[in-house]
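S.K.: Just passing along the structure, written as structure tokens.
The values are calculated or read from the model by the stated rules, or taken from the named source; none is laboratory data. For clarity, every value in this text was computed on a predicted model and none was experimentally measured. Here the Cβ positions follow ideal geometry from the backbone for every residue, glycine too, while neighbour counts run over all protein chains shown. When the accessible area is computed, the model is the full protein with side chains, heavy atoms only, and any ligands, DNA or RNA have been set aside. Shrake-Rupley method; radii C 1.70, N 1.55, O 1.52, S 1.80 Å.
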Amino acid sequence: GLQAKIYQGTWDKLPDFEKLKPVSESRSTVIGTRLRPSEENYGLTFTGFLRIPREGRYRFSLGSDDGSRLKLNGLIAIDHDGPHGFNLKVLEADLKPGFLAIRVDFFEIGGADKLELLMSGPGLAEGPIPSDLLSHVAEG
């Protein structure tokens, strides 16, 4: 799974999590809020590698309540920052087989919380990214 880090704090935009000390670290095969330390005022990061199994057009849908960001190979792919109710932002990209560095950042400031990253592509129906495509190291 991916490396998951949990942070406590209150933000109105995504902080530079690299400059903050996490309250805990673990591995996760799911990108979501199940690791949350509390109902409000926390942040999560998920980092590792995404294996692209086949060449083709892939669609990523990042949904969150509040701010989130998806980076692929270090570049911002979807920026969904700031406090807001749940909604999705979408990216479509033509990809070749291999590994992409993936990072998802998220913060919750108050009220409801939700985070999901959906993916679809050749031979892959839209849904959460299958756990066998996520790793904390680029294997294979």
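S.K.: Take the stretch 98-112 and flag every residue that is open to solvent by 30 Å² or more (accessible area, probe 1.4 Å), more than 11 Å from the chain's Cα centre (by Cα) and within 17 Å of Ile31 (Cβ to Cβ).
M.R.: Those that are open to solvent by 30 Å² or more (accessible area, probe 1.4 Å), more than 11 Å from the chain's Cα centre (by Cα) and within 17 Å of Ile31 (Cβ to Cβ): Phe99, Ala101.
S.K.: May I pose another question? For the stretch 2-27, enumerate the residues that are more than 18 Å from Asp65 (Cβ to Cβ), open to solvent by less than 90 Å² (accessible area, probe 1.4 Å) and not in a loop (DSSP other than H, G, I, E, B).
M.R.: If the condition is that a residue be more than 18 Å from Asp65 (Cβ to Cβ), open to solvent by less than 90 Å² (accessible area, probe 1.4 Å) and not in a loop (DSSP other than H, G, I, E, B), then Leu2, Gln3, Ala4, Lys5, Phe17, Ser24, Ser26 are the ones that fit.
S.K.: So Glu92 fits all but one of (1) open to solvent by 60 Å² or more (accessible area, probe 1.4 Å); (2) over 16 Å from Glu126 (Cβ atoms); (3) of a type in the set (D, E, K, R); what number is the exception?
M.R.: Answer for Glu92: the failing condition is (2).
S.K.: Is it the case that some residue within the stretch 87-97 is more than 14 Å from the chain's Cα centre (by Cα) and under 18 Å from Lys13 (Cα atoms)?
M.R.: Within the stretch 87-97, the first condition is being more than 14 Å from the chain's Cα centre (by Cα), and the residues that meet it are 87, 92-97.
Narrowing further to those that are under 18 Å from Lys13 (Cα atoms): 87.
So far as the stretch 87-97 goes, yes, one or more of its residues are more than 14 Å from the chain's Cα centre (by Cα) and under 18 Å from Lys13 (Cα atoms).
S.K.: Another question about this same structure. For the stretch 82-97, how many residues meet the condition of being touching a strand residue (DSSP E or B) at 6+ places or on another chain (Cβ under 6 Å), modelled with pLDDT of 95 or more and not hydrophobic (A, V, I, L, M, F, W, C)?
M.R.: Qualifying residue count for the region: 4.
S.K.: Could you please find all residues in the stretch 32-87 being under 13 Å from Ala112 (Cβ atoms) and either buried (at least 16 other Cβ atoms within 10 Å of the Cβ) or without any contact (Cβ under 8 Å) to a residue 60 or more places away in the chain (or both)?
M.R.: Pass one, the stretch 32-87, residues under 13 Å from Ala112 (Cβ atoms): 33, 36, 39-40, 63-66, 83-87.
Within the stretch 32-87, Thr33, Arg36, Gly63, Ser64, Asp65, Asp66, His84, Gly85, Phe86, Asn87 meet the criteria.
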